[in-house]
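Asker: This is the structure I want to talk about, given as structure tokens.
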Amino acid sequence: MNLAPKKLLAAAAATLMLSTATQAADVKLRLAASASATDSRAVAMEEVLKPAIASFADYEGHYGASLFKQGTELEAIARGNLEMSIASAQEMAEFFPEFSIFSAGYVHRDYEHQRAVFNSEFMKPLKQKAEDELGIKLLDVIYLGKRTVNLRDPNGVRTPSDLNGVKLRMPGSEAWLFLGTALGANPAPVPYAETYTALQTGAVDGQDNPLPNTVDMKFYEVTKSITLTNHLVDLNYLAVGKKFYDSLSTDQQQQLRAAVSAAAASASAKIIEKEAGLRSFLEEQGIQFHEPDLDAFRTQVQKAYLESDYSKNWVPGMIDQINAL
Ligand code: KDO
């Protein structure tokens with residue numbers, strides 16, 4: 001075929017584009033999360049992570065627990081049926097009890113503290129264990145916000161005894177249910193995606209997400225108060241499958257790590273900004289805010305963890321190392 005130089009060039013370019021595109025299509029990165037598609041974390045995955053790895057991987061975000069039920073993502077990754085999830089320390093604690101130290105109430109102080117813990121020397125052996133025994137690589141940490149007690153009852157609560165008999169929806173993992181018990185409530189396991197209906201029907205009396213989640217999921221439409229217990233400065237881990245990660249070239253691995261960290265930083269910054277400004281919006285929606293006796297909550301929650309089997313699984317001295325950061 002005798003193509004004029006210009007057409008030859010165009011044909012060559014087209015072939016190159018096709019091969020790059022084909023190459024990218026070979027690598028599929030599916031992320032499954034219960035976060036909704038409008039959640040700051042999902043937006044960061046779509047706007048930061050997806051374009052940053054497009055040269056070698058097709059990112060597919062599955063939000064609102066549309067691909068895997070909340071709490072089943074890590075097992076799906078371990079089985080090779082999923083490449084990535086937005087995991088919680090509580091979900092990691094289902095496999096490795098020592099992770100429950102990162103899910104305990106009143107331990108992490110803020111995002112900076114969460115990052116210091118995540119990048120600390122003493123966290124390395126735990127990350128390695130997750131990689132070696134479950135095939136899960138924790139690449140970075142996202143600030144999720146300060147968890148608060150959001151009730152259908154307008155009066156809110158002052159001390160843990162006020163939560164006695166209150167059916168508080170918690171995520172399904174054991175470590176989550178224990179947090180509900182430590183707060184003084186009667187924990188009820190309900191998936192994140194079903195929490196709005198559970199509140200609306202009165203199947204539960206309340207839930208405990210940070211303000212940005214309470215707004216994103218419109219929980220304020222079916223509740224009347226928020227008590228600022230701030231009982232858990234919550235986080236998520238961006239977890240990827242070791243098999244998937246090892247299938248990438250060194251250069252692609254570095255691009256993935258950089259993209260994940262950029263997305264984690266973007267999501268965390270957005271959540272921090274939203275959290276600071278949502279109280280007035282929620283008050284306009286009819287939510288009454290209450291300040292609890294924080295000492296009473298902190299004392300009860302920390303005592304509950306220290307007396308529990310959870311703290312028996314904590315690496316000796318690690319709580320002091322976390323507090324010292
Ligand atoms: C929730 O179910 O309340 C929770 O906030 C728990 C978090 O660990 C995390 O799983 C989160 O849901 C989901 O990412 C949805 O926001």
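The values are calculated or read from the model by the stated rules, or taken from the named source; none is laboratory data. The structure displayed is predicted, hence computed values, not measured ones. Backbone-built Cβ (ideal geometry, glycine too); neighbour counts: all protein chains shown. When the accessible area is computed, the model is the full protein with side chains, heavy atoms only, and any ligands, DNA or RNA have been set aside. Shrake-Rupley method; radii C 1.70, N 1.55, O 1.52, S 1.80 Å.
Asker: For the range 37-107, with only Lys/Arg (+1) and Asp/Glu (-1) charged at the beta-carbon, what is the dipole magnitude about the Cα centre, in debye rounded to 20?
Answerer: That gives a dipole near 40 debye.
Asker: Taking all protein chains together and a probe of 1.4 Å, list Phe297, Phe244 from the most accessible to the least accessible.
Answerer: Phe244, Phe297
Asker: Using Cα springs under 10 Å in a Gaussian network model of the chain, which residue among Ser225, Ser85, Ser280 shows the largest mean-square fluctuation?
Answerer: Judging by the Gaussian network model, the answer is Ser280.
Asker: Any chance you could give the angle, 0 to 90 degrees and rounded to 10, that helix 250-284 forms with the longest Cα principal axis of the chain?
Answerer: Once rounded, the angle reads 40 degrees.
Asker: Please enumerate, by chain and number, the lysines with C-alpha under 25 Å from the C-alpha of Lys274, excluding those fewer than 8 residues away in the same chain.
Answerer: Lys274 reaches Lys50, Lys146, Lys218, Lys224.
Asker: What accessible area, in Å² to the nearest ten, does a 1.4 Å probe give for Arg298?
Answerer: Surface open to solvent at Arg298 totals about 90 Å².
Asker: Once amide H atoms are built 1.01 Å from N in the peptide plane, which residues 5 or more positions from Val233, or in another chain, come under 5 Å H to H?
Answerer: Under 5 Å from the amide H of Val233: Tyr106, Val107, His108, Arg147.
Asker: How much accessible surface area, in Å² rounded to 10, belongs to the heavy atoms of Thr72 with a 1.4 Å probe?
Answerer: 50
Asker: Sticking with this structure for a sec: Probe radius 1.4 Å, ligands and nucleic acids left out: which of Phe219, Phe281 has the largest accessible area, and how do the rest follow?
Answerer: Correct descending sequence by accessible area is Phe281, Phe219.
Asker: Straight-line reach from Lys312: which lysines have a Cα under 17 Å away, not including same-chain ones fewer than 8 places off?
Answerer: Output for Lys312: Lys303.
Asker: Could you give log10 I(q)/I(0) at q = 0.15 Å⁻¹ for the range 159-309, computed by the Debye formula over C-alpha point scatterers of equal weight, without solvent?
Answerer: Taken in order of the listed q values, log10 I(q)/I(0) reads -0.89.
Asker: Specify which residue in the list Gly105, Val117, Ala87 is farthest towards the positive end of the charge dipole of the range 85-141, using unit charges on the beta carbon of Lys, Arg (+1) and Asp, Glu (-1), about the Cα centre.
Answerer: Going by the charge dipole, the pick is Val117.
Asker: While we're looking at this one, here's another question. Select from Ile322, Leu138, Ala185 the residue farthest towards the positive end of the dipole of the chain; place +1 on Cβ of Lys and Arg, -1 on Cβ of Asp and Glu, and compute about the Cα centre.
Answerer: Leu138
Asker: I've got another one for you. Expressed as a fraction of 2.2 N^0.38 Å, the rule-of-thumb size for a compact globular protein of N residues, what is the C-alpha radius of gyration of the chain?
Answerer: Normalised by 2.2 N^0.38 Å, the Cα Rg of the chain equals 1.10.
Asker: May I pose another question? Quick check for me: using +1 on Lys/Arg Cβ and -1 on Asp/Glu Cβ, what's the dipole size of the chain about its Cα centre, in debye to the nearest 20?
Answerer: 660
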